Amino acid sequence: MEMDQVNSPQWLDSSAPEAVTESAVLTPITVAPGDGIGPEIMQATLAILSAAGARIAPEFIEIGEATYLRGHASGIDDAAWASLRRTGVLLKGPITTPSGGGYKSLNVTLRKTLGLYANVRPCISYAPFVATLHPRMDVVIVRENEEDLYAGIEHRQTDEVYQCLKLITRPGCEKIVRHAFEYARQYGRRKVSCMVKDNIMKMTDGLFARVFEEIGAEYPDIQRERYIIDIGAARLATRPERFDVIVMPNLYGDILSDIAAEMTGSVGLAGSANIGEHGVMFEAIHGSAPDIAGQGIANPGGLLLAAVMMLVQLRQNDVAERIHNAWLRTLEDGIHTADIASGNTRSKVGTSAVAEAVIARLGQQPTQLASVKYEAAPPAAQPRRPLYVRQPAQHKTRVGIDIFVHAAGIAPDDLAAQLQAVETGQLSLQVITNRGVKVWPQGHAETFCTDHWRCRFLARTGAEALTLGHKVALLQRMADAGLDVIKTEHLFNFDGVAGFAQAQGQ
Ligand code: NAD
């Protein structure tokens, strides 16, 4: 299908330099059309923003597939960084990460470099105009954006075992939880739910849960509740109307926000705001949709709603409101792209025809869907209360060491005998686990074992204070005995409390 024609706003032409410097009262923003359907939905979105009188001066950058293929492993070059540093605001189309090794995720790079700690994804149903099983859904997912398993710290350790480190930090938890409660208060939301797996990951997800309780207590006007992620996700999938704002670590939030968006009718309908201390980025939650790219049929709604969130962030609430209400009216009038076409569709149209329909309705309100009123400012990236508070350092004492050994086809008792033979006056073998499960002492013959053994040595009672030198001496004895050490983790107590988990089955 040919793309319908939209009159391009003057500044849509990235080759026109005067567009960028048109007026000092315009807020400079950086615009990256992106890959796949990106340029189509960006053109439609910018046409609407221009017609609605958005007070912005876009600077266009190229990021993504073409940049990767020009040899920039991170998908972004110095000129694009310079624009981003200048404006601090990015409106971004989806990016295709080329398959094959060596290419880093541009989205992760942008989030981490700009410190975009919060990813806010409203997922709202538009029934009966968009078909959904959940007509009363209005959920905002606030996803931690910088850490967790997305730190990208992965290693192959043995023939059989690979690991990915899950890093959860106190400042990271405080920032995202604070943002979720500030968001709820700012937008009159009544409840914040937290979803974690702290029954299993007691230290990492446990910290997230603890910080949720601590910071939540500062917001007595807002209800708070906590779910183990499995039942929480199940409830979200079946009774989403029970939820309001949900705050989650990175991986859970990534997965659940796509599910939540799809539950409203189409993944093409949701936008997201990435809020940071050094910048803000707005994008649709969907990807570059290569299966429909170039056909002019993509739904521009997700990117348009992201642009609306950007306008609110730029304090252009009046323009944000005009656009959002005109878009709702367009949905009501049954002017739909193919992904949301259903019984209530009057006219199935392409991307730019949706843009024309929204432009034609600027100034109109929806008549059945609730109209949008943007009165409040968005939650500040730096709220009145500090985003996070660095805690005083605790007293740290060395109490032992976990030494990981690569050994294939060995019985746990035989490995224990080899390890006990190299014990020192300071450190003795306490337990051996395989994939976290205790296999010595008194393991179960049925436990499946790989070639990757965690051997825990603890300081002997009554021995002198444990030092790094004592551990090095043990490692040297293991090396001399031909044991293949592949990793160590040092065991500490913090103010007398163990800073490590017990082995499963211990
Ligand atoms: P996708 O979101 O691009 O597409 C999933 C399905 O949803 C496809 O059938 C697609 O046609 C449909 N769809 C998505 N957006 C739509 C829209 N606006 N209108 C109508 N239908 C729409 O996910 P994918 O196919 O798994 O990923 C494609 C590429 O996008 C990959 O390279 C992936 O890495 C990338 N990606 C980028 C981002 C981002 O830049 N933020 C996010 C997710 C995926």
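Below are the figures for this structure:
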read-out	value
Qualifying residue in the stretch 481-493 (condition: loosely packed, with under 15 Cβ neighbours inside 10 Å, farther than 21 Å from residue 158 by Cβ and touching a residue at least 24 places away in the same chain (Cβ under 8 Å))	no
Flag for residue 44 being open to solvent by less than 10 Å² (accessible area, probe 1.4 Å) and modelled with pLDDT of 95 or more	yes
Test: residue in the stretch 125-142 that is within 14 Å of the ligand (Cβ to nearest atom), open to solvent by less than 60 Å² (accessible area, probe 1.4 Å) and touching a residue at least 60 places away in the same chain (Cβ under 8 Å)	yes
Among the candidates 477, 454, residue that is surrounded by 12 or more Cβ atoms within 10 Å (Cβ to Cβ), without any contact (Cβ under 8 Å) to a residue 60 or more places away in the chain and closer than 28 Å to residue 206 by Cα	454
Odd one out for residue 232 among (1) in a helix (DSSP H, G or I); (2) more than 16 Å from the ligand (Cβ to nearest atom); (3) not assigned by TED's automatic domain parsing to the domain that holds residue 135	(3)
Residues of the stretch 285-299 that turn out to be open to solvent by less than 10 Å² (accessible area, probe 1.4 Å) and more than 9 Å from the ligand (Cβ to nearest atom), as a count	1
In the stretch 240-284, the residues that are within 13 Å of the ligand (Cβ to nearest atom), under 12 Å from the mean Cα position of the chain (by Cα) and open to solvent by 20 Å² or more (accessible area, probe 1.4 Å)	254, 255, 258
Checklist (1) in contact (Cβ under 8 Å) with a residue 24 or more places away in the chain; (2) closer than 30 Å to residue 174 by Cβ; (3) open to solvent by 80 Å² or more (accessible area, probe 1.4 Å) applied to residue 502, failing item	(1)
Index of the failed condition, residue 149 passing every other in (1) open to solvent by 50 Å² or more (accessible area, probe 1.4 Å); (2) in contact with a Phe, Trp or Tyr (Cβ under 6 Å, 6 or more places away or on another chain)	(2)
Residues within the stretch 301-347 that are away from the ligand (no atom under 16 Å from the Cβ) and assigned to a strand (DSSP E or B), tallied	1
Of all residues making up the stretch 181-209, the number that are part of a strand (DSSP E or B) and out of contact with any helix residue (DSSP H, G or I) (no Cβ under 6 Å at 6 or more places or on another chain)	2
Only listed residue being within 27 Å of residue 152 (Cα to Cα) and either assigned by TED's automatic domain parsing to the domain that holds residue 359 or not polar (S, T, N, Q) (or both), chosen from 218, 225, 277	277
Neighbours by Cβ (under 8 Å, 6+ apart or cross-chain): first from the stretch 29-42, under 15 Å from residue 67 (Cβ atoms); second within 12 Å of the ligand (Cβ to nearest atom) and of a type in the set (Ser, Thr, Tyr)	34/288; 35/96; 35/288; 36/96; 36/288; 38/288
Residues (in contact (Cβ under 8 Å) with a residue 60 or more places away in the chain and under 20 Å from the mean Cα position of the chain (by Cα)) located in the stretch 155-171	168, 170, 171
The stretch 95-120, residues that are open to solvent by less than 10 Å² (accessible area, probe 1.4 Å) and within 15 Å of the ligand (Cβ to nearest atom)	106, 110, 116, 119, 120
Some residue of the stretch 412-434 being at positive phi and surrounded by fewer than 20 Cβ atoms within 10 Å (Cβ to Cβ)	no
Options 47, 57; residue that is assigned to a helix (DSSP H, G or I), in the same structural domain as residue 109 (by TED's automatic domain parsing), at negative phi and touching a residue at least 24 places away in the same chain (Cβ under 8 Å)	47
Qualifying residue in the stretch 430-447 (condition: touching a strand residue (DSSP E or B) at 6+ places or on another chain (Cβ under 8 Å), hydroxyl-bearing (Ser, Thr, Tyr) and farther than 23 Å from residue 490 by Cβ)	yes
Residue match in the stretch 70-77 (condition: within 15 Å of the ligand (Cβ to nearest atom), open to solvent by less than 40 Å² (accessible area, probe 1.4 Å), among the β-branched types (Val, Ile, Thr) and not in a loop (DSSP other than H, G, I, E, B))	no
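Residue-wise test of (1) among the charged types (D, E, K, R); (2) modelled with pLDDT of 95 or more.
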residue: 320; (1), (2): no, yes
residue: 332; (1), (2): yes, yes
residue: 340; (1), (2): no, no
residue: 343; (1), (2): no, no
residue: 353; (1), (2): no, yes
residue: 363; (1), (2): no, yes
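Quick grid of which residues meet (1) open to solvent by 10 Å² or more (accessible area, probe 1.4 Å); (2) under 30 Å from residue 500 (Cβ atoms); (3) at pLDDT below 95:
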site: 185; (1), (2), (3): yes, no, yes
site: 188; (1), (2), (3): yes, no, yes
site: 191; (1), (2), (3): yes, no, no
site: 194; (1), (2), (3): no, yes, no
site: 198; (1), (2), (3): yes, yes, no
site: 205; (1), (2), (3): no, yes, no
site: 212; (1), (2), (3): no, yes, no
site: 217; (1), (2), (3): yes, yes, no
site: 229; (1), (2), (3): yes, yes, no
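The values are calculated or read from the model by the stated rules, or taken from the named source; none is laboratory data. What you see is a predicted model, and the numbers here were worked out from it, not measured in a lab. Using ideal geometry, Cβ is built from the backbone for each residue, glycine included, and neighbour counts are taken over all protein chains shown. Keep in mind that these areas ignore ligands, DNA and RNA; they rest on the heavy atoms of the full protein, side chains included. Shrake-Rupley method; radii C 1.70, N 1.55, O 1.52, S 1.80 Å.
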